[in-house]
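The block underneath contains the structure these notes are about, expressed in structure tokens.
The values are calculated or read from the model by the stated rules, or taken from the named source; none is laboratory data. Just so it is clear, the model here is predicted, and its values are computed rather than measured. Cβ atoms come from the backbone with ideal geometry, glycine included; neighbour counts cover every protein chain shown.
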């Protein structure tokens, strides 16, 4: 079994994933970091040069491979759940937890995260900050359909989020 963290960028997937993996003694994988290592460039540069379709194909191959592993906490890219096959792979091999945050929380975190500004491509022509409301509106239903359960991360510490996951996971496994 694996634990997959899904959700929009800057909702805490990587931070929570690292901490959760440490707490439960599992390995941690960030699929975006795997992709960057495989691509040899940032996601933003790859998308600029090759387009979103090529990126999503690479992402799908990484997800398929990661889903063959066991006892991993996996932080996924924000768009991974848009592909029903990715969702099927994850559902078959583990539990999917949606980390949610309000648009204003995401905007605040994105502005504070220099790495996000440099390495993550804009998803619309509006720019990274302006696009958040639009993207959440289009993706929230996708995340909801994929998840076993969700956690609102706005006012919780990383430790609190991890404890909620550990508490809820047995219930999600029975669902």
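Filtered by the rule that a residue be surrounded by fewer than 16 Cβ atoms within 10 Å (Cβ to Cβ), more than 13 Å from the chain's Cα centre (by Cα) and farther than 19 Å from residue 70 by Cβ, segment 1-40 gives 37, 38, 40. Within segment 25-56, the residues that satisfy the criterion of being touching a helix residue (DSSP H, G or I) at 6+ places or on another chain (Cβ under 7 Å) and in contact (Cβ under 8 Å) with a residue 40 or more places away in the chain are 27, 28, 29, 30, 31, 32, 35, 36, 42, 43, 44, 47.
When the residues of segment 94-138 are filtered to those that are closer than 21 Å to residue 75 by Cβ, in contact with a helix residue (DSSP H, G or I) (Cβ under 7 Å, 6 or more places away or on another chain) and in a loop (DSSP other than H, G, I, E, B), the one that is modelled with the highest pLDDT is 128. Taking the conditions (1) in a helix (DSSP H, G or I); (2) at pLDDT below 90 in turn, residue 85 satisfies each one other than (2). Would it be correct to say that residue 69 is within 19 Å of residue 97 (Cβ to Cβ), touching a residue at least 12 places away in the same chain (Cβ under 8 Å) and surrounded by 19 or more Cβ atoms within 10 Å (Cβ to Cβ)? Considered against the rule, which asks whether it is within 19 Å of residue 97 (Cβ to Cβ), touching a residue at least 12 places away in the same chain (Cβ under 8 Å) and surrounded by 19 or more Cβ atoms within 10 Å (Cβ to Cβ), residue 69 comes out as no. For segment 72-92, a tally of residues being over 12 Å from the mean Cα position of the chain (by Cα) and surrounded by fewer than 19 Cβ atoms within 10 Å (Cβ to Cβ) returns 6. For segment 1-56, the tally of residues that are touching a strand residue (DSSP E or B) at 6+ places or on another chain (Cβ under 7 Å) and assigned to a helix (DSSP H, G or I) stands at 8.
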